[in-house]
Structure formats: C-alpha cells, structure tokens
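This report concerns only the one structure given below.
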Amino acid sequence: MPDMILARVSQSLASDQSVESLVRQLLEMLEVVTDMESTYLTKVDLDARLQHILYARNSRQMQIPEGLSVPWDETLCKRAIEDNCLYSDNVPARWPDCSAARALEITTFLSTPVHLPDGTFYGTLCATSRQQQALSQRGEQVLHLFAGLIAQSIQKESLVTQLRQANAALIAHSYTDALTGLPNRRAIFENMETLFSLARHAQQKIIIAYIDLDDFKLINDRFGHEVGDEFLIQIGQRLRRGCRENDILGRLGGDEFLVAGLSQQNGIDRHARLQSVKKQLQQQICGDYQLGAIRLFYPGASLGVIEVDPRETDLNCALHAADSAMYQDKKRQDKTAFVTH
C-alpha cells in the first residue's frame, strides 16, 4: 500500500495539471490511507471569518458539500488548531459545543493546517468519519505530506497566474501608445493585417484615413509640451468617439494618426464615400480645445483618405498611398492656423 500511494503521488506531481486536479487525486488517496468517509480541503478567509469547502471527496454516507461556507469561529478546524489537537476519535465528547459536528454526526476528525511556502495560513486539509477510526502513523504522515504538496501547488499556480497577468499587461503596454492610450504603430500594423484578411474573405473594400495635425509644432513651441500632449490626448478622444465599433484607430507617432475600416458601399460612388469620411473626420478634429489654461480653435488637419481593394493592394502599398494622399491634401489646401481665445 505505501509503495502504491507513493507511486501515484509521484505520477500526479510529474504531470502538468491544475490545483483542483491534484487535490482531488490526493483526497482520494487520503481516504484510502485513513479509511475515512470524507476528505476535503478548505480555504479560510480570516478577514471575513469564514471557512470555505473547496474540494471534497465523499465515499460513503457522510456528505461534506463543496462550496459550503461556514463561520470560522464555529468550526471543528479552528477548535482543533487552538487546542493543538488535530485528531480525535470521540468528537462529541471532545467538542460538544460544535453544532456543525453534531449535524454531520462526526465521530472521528483528522485535520492539519495548510500553510503556503511563504508562511501564509491558507486553510485546512481534513478527513472525517461517523465511525471511530484509529489514526496510524502512516495516515498522519500522509496527511502532512499532502498538505505540504497542496500548499506548494497552490503557490505555484498563484505565481503562474501572476506571471501570466504580468505578461499580458506587458504585451498590452507594448501595443499601447503611452500618451493617448490608443493602439500604437505596432498594434496598428497587426490590426490592419487582420482587417485586410477579413476584407479579402468578405470581398469588401477598406477605407484608410491618414491624419497629420497641421501646426502641431507651433502649439508645442508656443505653449509648451504639456499643452501639446493634452492636445494629442483630446484629438485621440474625439477620434475614438467618432469611430464605429470595428474600426481601427491608433497613433502612428508624433502628430500622425490613422483610422481604417470596412467601406460602407451604400449606393454612393467612391468619390462621394471618400469625401463623406473626410468631412466626418474633419468635423471631429476641428473645433475649440480647452488645454489647461489655454483655449484655442483648431481649424483641422491634413487628411489622406483612400479606398483600397485588399485583393489587389497589399497593406504596405495601401499605407503608402494614404500617406501620399495626406501630403497632397497638405499641399492643396491653404489651412488657417489655430487661433487662441
């Protein structure tokens, strides 16, 4: 029997599995070693003064329900820890005031605290029975061994979760423009690849708008970089409010932004579609801006708005065409510089 248990433990530890999967296997083995009716793992919330039954194995009449939460101060586990008595085969006499034990008709109780490797008290590993059961030295050793293994597994899973969260945050950070919170150049290009693939599959065209903020350098030079940064932030907010749900919006860098989405070919010709998009974007950008103590009227930006068929034009050529259209717009229009109030 001991060799079989050790072999199963070794096999369980060698496999890559969740805490729940490991605990359930250990609870089954603990039942075999102790010959108890129920084995279970609890988690104790000392702040809320609650004990939660996380996982339980019930092989006979006694039923310890998973998901049950009970007041910590009324539990057998707390009494056992305080009395330094982690085993009793006469619970009614030892703890007659424990109503939960009476309700479950617990006669034999075996429990050990589960402490994480950093010393934090996590909960308890328990085994109970309605019948009197002797505690063998082997059973006590296995109980403490399993409590230690569970603690290490919980700590490992917690660290892996923290690592994944940190990695996700790092990835999100690498795809986000720190100033405006919009997708950055890297994210734009990856999102555009996806958009092109989707449009090719749907046999739809794409509208791309390349935006260059005229006179942004003058705003920086005249009022300082803090005002310039706030201007860029508000530009991003205005563009975001004007975007459709599946549109791509991002900051390419400096004073350049990009908006792209599937073309809405609703019966109007291509030129009219492009002019409509251009007008909408200009209306979003043009207007009064309150930048701290500075209030200014911004007349608009240079816009390169194009429509491409992704089956005929690749992403790099499309972005180059939008950039060229923006420069043509910059040369063609005699824009009025911003005005302060």
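The values are calculated or read from the model by the stated rules, or taken from the named source; none is laboratory data. Everything numeric here is computed off the predicted structure, so don't read it as measured data. Methodologically, a virtual Cβ is constructed for each residue, glycine included, from the backbone with ideal geometry; neighbour enumeration extends over all protein chains shown. With ligands, DNA and RNA removed, areas are computed over all heavy atoms of the protein, side chains included. Shrake-Rupley method; radii C 1.70, N 1.55, O 1.52, S 1.80 Å.
A few comments on the model shown:
- Residues (basic (Lys, Arg) and more than 27 Å from the chain's Cα centre (by Cα)) located in the range 17-67: Arg49, Arg57, Arg60
- Positions within the range 201-216 being more than 15 Å from Ala260 (Cα to Cα) and in contact (Cβ under 8 Å) with a residue 24 or more places away in the chain, in sequence order: Ala202, Gln203, Leu213, Asp214, Asp215, Phe216
- Residues in the range 126-168 that are touching a Pro at 6+ places or on another chain (Cβ under 8 Å) and either open to solvent by 30 Å² or more (accessible area, probe 1.4 Å) or assigned to a strand (DSSP E or B) (or both): Arg138, Gln152, Gln155.
- Scope the range 7-40; condition among the acidic types (Asp, Glu) and at pLDDT 85 or above; matching residues: Glu20, Glu28, Glu31, Asp35, Glu37
- Applying the criterion of being open to solvent by 80 Å² or more (accessible area, probe 1.4 Å) and not basic (Lys, Arg) to the residues of the range 315-340, the residue that is modelled with the highest pLDDT is His320.
- Among the residues of the range 69-87, those identified as surrounded by 14 or more Cβ atoms within 10 Å (Cβ to Cβ) and of a type in the set (A, V, I, L, M, F, W, C) are Val70, Trp72, Leu76, Cys77, Ala80, Ile81, Leu86.
- Asp221 being acidic (Asp, Glu) and surrounded by 13 or more Cβ atoms within 10 Å (Cβ to Cβ): no
- Members of the range 169-191 found to be exposed (fewer than 12 other Cβ atoms within 10 Å of the Cβ), among the hydrophobic types (A, V, I, L, M, F, W, C) and assigned to a helix (DSSP H, G or I), listed by number: Ala169, Leu170, Ile171, Ala172
- Residue match in the range 156-166 (condition: farther than 30 Å from Val259 by Cα and touching a residue at least 60 places away in the same chain (Cβ under 8 Å)): yes
- Within the range 246-268, tally of residues that are out of contact with any Leu (no Cβ under 8 Å at 6 or more places or on another chain), at negative phi and surrounded by fewer than 18 Cβ atoms within 10 Å (Cβ to Cβ): 5
- The residue that is nearest to Arg49 (Cα to Cα), counting only those in the range 78-125 that are over 39 Å from the mean Cα position of the chain (by Cα) and of a type in the set (Ser, Thr, Tyr), is Ser99.
- Condition check for Thr194: part of a loop (DSSP other than H, G, I, E, B), under 22 Å from Asp323 (Cα atoms), at pLDDT 90 or above and hydroxyl-bearing (Ser, Thr, Tyr): no
- The range 238-341 holds strands (runs of 3 or more DSSP E) entirely within its bounds, and those carrying 1 or more residues that are in contact (Cβ under 8 Å) with a residue 12 or more places away in the chain and of a type in the set (Asp, Glu) map to 256-262, 287-291, 302-308.
- Filtering the range 57-71 to residues that are within 23 Å of His144 (Cβ to Cβ) and either basic (Lys, Arg) or modelled with pLDDT of 95 or more (or both) leaves only Arg57.
- Checked against (1) closer than 29 Å to Leu296 by Cβ; (2) open to solvent by less than 20 Å² (accessible area, probe 1.4 Å); (3) touching a residue at least 24 places away in the same chain (Cβ under 8 Å), Gly228 passes all but condition (3).
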